[in-house]
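The block underneath contains the structure these notes are about, expressed in structure tokens.
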Amino acid sequence: MNATFNNRDPVYLQVVRYFKEQIANGNLVAGQEIPSRRELAATMKINPNTAQKAYKEMEEQDLITTERNYPSKITKNENILQSVREELIITAVESFLQSIRPINVPIDELLRIVQEKYSKESSKEGL
Amino acid sequence: MIEVNQLTKKFGRKKVLDGVSFTANKGEITCLIGINGVGKTTTLKAIMGLTSFSKGSILIDGQKINKNMYEKVAFIPDAITMLPQMTIKQAMQFMQDFYQNWNQERATELLTFFKLDEKSRISELSKGNTAKINLLMGLAIDVDYILMDEPFSGIDIFSREQIADVFASHLIEDRGVIITTHEINDIEHLIDKVILLDNGIVLKEFNTEQMRQEEGKSVVDVMREVYQG
Amino acid sequence: MKSYVKLVNFEVNRFIKIYVSLLIITLLSQFIGVIVISTGLMKRAHEVMFEQNLSEKAYLHQFGGFDFTHISSTPWFIGPIALCIAALIFYSFLIWYRDWFGKNTFAYRLLMLPTARISLYFSKATAILVLIFGLLAFQMILLPLENALFESLIQENFLQTSMDVSSILQSNGILGIIIPPYFSDFLISYGIGIMFVFVLFTSILFERSFRLKGIVLGILYFIAAVLLYLSPLFIIGNETMPVLYPEEIFAIFLVLGIFIIGVSIIIGNWLISKRVLV
């Protein structure tokens, strides 16, 4: 579990985002146990209070479920998991569009470049 | 909760602390930051009853400092507090002899955590390992509060990382921590609360996560605003 | 109380290596002294007898015999005692300052022990006194042994008087102060010694609390205590005052001594609890 944090966004939200990414890319799956708050704080090198706050946030967003005296688990609700993935894709695309729009590239060219780059990057990573 | 109220301290005619007030909660890491001056260390010493002050009051969970408080609050100064000729083992024995709340199990765990050998002599430790031993002596007492004076100053990067890791670990548990520092790079993610001191007064006190959420500012951003205007 | 005992033990242990060295130096110096001087005395006596062609009886008649005062006034004997006294006076300072100076500030640890701070003051004072009385006891054990060795090295006829320990002590001014043969003298010597330790400790704490200003305060405190203690001497010397019995003079010094020790402890307690700096 390795994440780098920026100093200007609340750390607990960055932790939540990290979990969403792990769900989206399939590293975390429905019903999977996640580390305790203490373990998370220690591995991510954050304040245990922050880990606590991140878990609370994820519980409120129904990303994880916690039963008394059991480790927290990723939700089994496929709708939520699906929406996490969509949400991440959409926000990423939106921020991409925001930076590309001023350059005014025709959509066909843009898509071609994206396709080339994306598959090249993926093959480099051995995917 | 540690409550510092209107703390005022003079050295000769110069006011080192001029009405400093803040609180530090249990279960939180509070960071006293000052660009210059001796106010930070003096504040910690005043809390520990290691220096007198001319005005103000300090309460720890509602009580003034007394001998029993030393089982409840540990101070980790910027200098080693054990005799140079002692081995780490002897130093731990000394602590065990005098502190009822000494927790040898945790001391051993910390030794492993810091990769230190109990047979080493205090005088042979590097600056970084000295800081770790200091921290060990404080953390291995079952105290509620830990005050650390410049734990990161003048030590190597790996020791700094290890010390910062302690703050994220169960070794701190739900104790209250006050750290003084003049640079916060190593611990920016770890601290709950920041108190900016300058020339003996508190310029600003804020909660780090709240500051990020509400104003989108990092601790360094706020420091820049406050200290550089 | 438990912490106090542990602290005394700790403080004594911190000095133990130097202390044992002092004991060994004393032992060696005094025994070697006895051997060297006794054999020297006998050799010299025989030389004189030979040169002047004297019989034993004539020699003894002319020059007299030998006794232990020939030993107890020599540097072999007095030297190590003086060294021990100097070392302990020096250590009375060092027992405080060693915790403040150097890279390691042990004073932090001591002042943050979960025990009343006056225990530190008492433990250091007790340690000094234990060390002093230890030396004293050691000397008391050595003396009869040295005396026996001396008497065995001197030919019987030359032994002027066989002395016992108490007459040895009475015969030598310095030794008589260090180990007074009478109990009342003993009380006075060591009462003053104990008072000295407390007054000195409180003076040191003045310095440790107020630093530069504290040096002045400490010295003034020390002088004031000495003057107060000696004040009866000025009064006794005054002819208008009634003549006092020795018992009355003793009582006055006793009361003054206890008073000065009490005041020193009260001020010392205030300084170490509220004022001392690290």
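Can you list residue pairs whose Cβ atoms sit under 8 Å apart, with the first residue in the stretch A:5-17 being facing another protein chain (nearest Cβ under 7 Å) and more than 16 Å from A:ILE64 (Cβ to Cβ) and the second being of a type in the set (Val, Ile, Thr) and assigned to a loop (DSSP other than H, G, I, E, B)? Count only pairs 6 or more apart in sequence or on different chains. If the second residue must be of a type in the set (Val, Ile, Thr) and assigned to a loop (DSSP other than H, G, I, E, B), the pairs left are A:PHE5/A:ILE46; A:VAL11/A:ILE46. Selection of the stretch B:79-100 for residues being more than 8 Å from chain C (Cβ to nearest Cβ), surrounded by fewer than 17 Cβ atoms within 10 Å (Cβ to Cβ) and within 22 Å of the chain's Cα centre (by Cα) yields only B:GLN96.
Of all the criteria given as (1) within 14 Å of chain C (Cβ to nearest Cβ); (2) assigned to a helix (DSSP H, G or I), the one not satisfied by B:ILE58 is (2). Pairing each residue of the stretch B:191-204 that is closer than 14 Å to B:TYR227 by Cα with any residue that is charged (D, E, K, R) and surrounded by fewer than 16 Cβ atoms within 10 Å (Cβ to Cβ), provided the two are 6+ apart or on different chains, yields C-beta distances under 7 Å for B:ILE195/B:GLU205.
Each row is one residue, and each column tells you yes or no for (1) crowded, with 19+ Cβ neighbours inside 10 Å; (2) farther than 28 Å from B:GLY37 by Cβ.
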residue: B:ILE157; (1), (2): no, no
residue: B:ALA168; (1), (2): yes, yes
residue: B:GLU173; (1), (2): no, yes
residue: B:GLY176; (1), (2): yes, no
residue: B:THR181; (1), (2): yes, no
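Can you tell me which residues in the stretch B:165-180 are assigned to a loop (DSSP other than H, G, I, E, B) and at the interface with another protein chain (Cβ under 10 Å from one of its Cβ atoms)?
To start, the set of residues in the stretch B:165-180 that are assigned to a loop (DSSP other than H, G, I, E, B) comprises B:169-175.
Within the stretch B:165-180, B:SER169, B:HIS170, B:LEU171, B:ILE172, B:GLU173, B:ASP174 qualify.
Taken as a whole, the condition of being crowded, with 17+ Cβ neighbours inside 10 Å and closer than 26 Å to A:ILE46 by Cβ applies to B:ALA24. Go through the residues of the stretch B:184-191 one by one and say whether even a single one is of a type in the set (Val, Ile, Thr), in contact with a Ser or Thr (Cβ under 9 Å, 6 or more places away or on another chain), within 14 Å of chain A (Cβ to nearest Cβ) and crowded, with 19+ Cβ neighbours inside 10 Å. For the stretch B:184-191, residues of a type in the set (Val, Ile, Thr), in contact with a Ser or Thr (Cβ under 9 Å, 6 or more places away or on another chain), within 14 Å of chain A (Cβ to nearest Cβ) and crowded, with 19+ Cβ neighbours inside 10 Å: present. Which of (1) polar (S, T, N, Q); (2) surrounded by 17 or more Cβ atoms within 10 Å (Cβ to Cβ); (3) within 17 Å of B:ASP144 (Cα to Cα) does B:ASN68 not meet, given it meets every other one? Condition (2) is where B:ASN68 drops out.
Taking the condition in a helix (DSSP H, G or I), free of Cβ contacts under 8 Å to residues at least 40 places away in the same chain and out of contact with any Lys or Arg (no Cβ under 8 Å at 6 or more places or on another chain), does A:ARG68 pass? Answer is no for this residue. Within the option set B:GLN210, B:GLN162, being surrounded by fewer than 21 Cβ atoms within 10 Å (Cβ to Cβ) and facing chain A (nearest Cβ under 9 Å) holds for one residue only, B:GLN210. Among the criteria (1) more than 14 Å from chain B (Cβ to nearest Cβ); (2) at pLDDT 85 or above, the one C:GLN160 does not fulfil is (2).
Residues that are under 18 Å from B:PRO151 (Cβ atoms), part of a helix (DSSP H, G or I) and either out of contact with any Leu (no Cβ under 6 Å at 6 or more places or on another chain) or within 11 Å of chain C (Cβ to nearest Cβ) (or both) within the stretch B:108-128 comprise B:LEU111, B:PHE113, B:ILE122, B:LYS127, B:GLY128, listed in sequence order.
Among the residues of the stretch C:102-152, the one identified as touching a helix residue (DSSP H, G or I) at 6+ places or on another chain (Cβ under 8 Å), within 17 Å of C:ILE204 (Cβ to Cβ) and within 7 Å of chain B (Cβ to nearest Cβ) is C:LEU111.
Please verify whether the stretch A:34-42 includes one or more residues that are at negative phi and away from chain B (no Cβ under 14 Å). Outline the logic, then answer.
Here is the first cut: in the stretch A:34-42, the residues at negative phi are A:34-42.
If we keep only those that are away from chain B (no Cβ under 14 Å) as well, we get A:34.
So far as the stretch A:34-42 goes, yes, one or more of its residues are at negative phi and away from chain B (no Cβ under 14 Å).
Count of the stretch C:70-83 residues, restricted to those that are in contact (Cβ under 8 Å) with a residue 60 or more places away in the chain and either among the basic types (Lys, Arg) or surrounded by fewer than 17 Cβ atoms within 10 Å (Cβ to Cβ) (or both), is 2.
Among the conditions (1) within 14 Å of chain B (Cβ to nearest Cβ); (2) hydroxyl-bearing (Ser, Thr, Tyr); (3) under 25 Å from C:LEU22 (Cβ atoms), the only one that C:SER92 does not satisfy is (1).
The values are calculated or read from the model by the stated rules, or taken from the named source; none is laboratory data. Bear in mind the structure is a predicted one, so any value in this text is a computation, not a measurement. Note: ideal-geometry Cβ built from the backbone for every residue, glycine included; neighbour counts use all protein chains shown.
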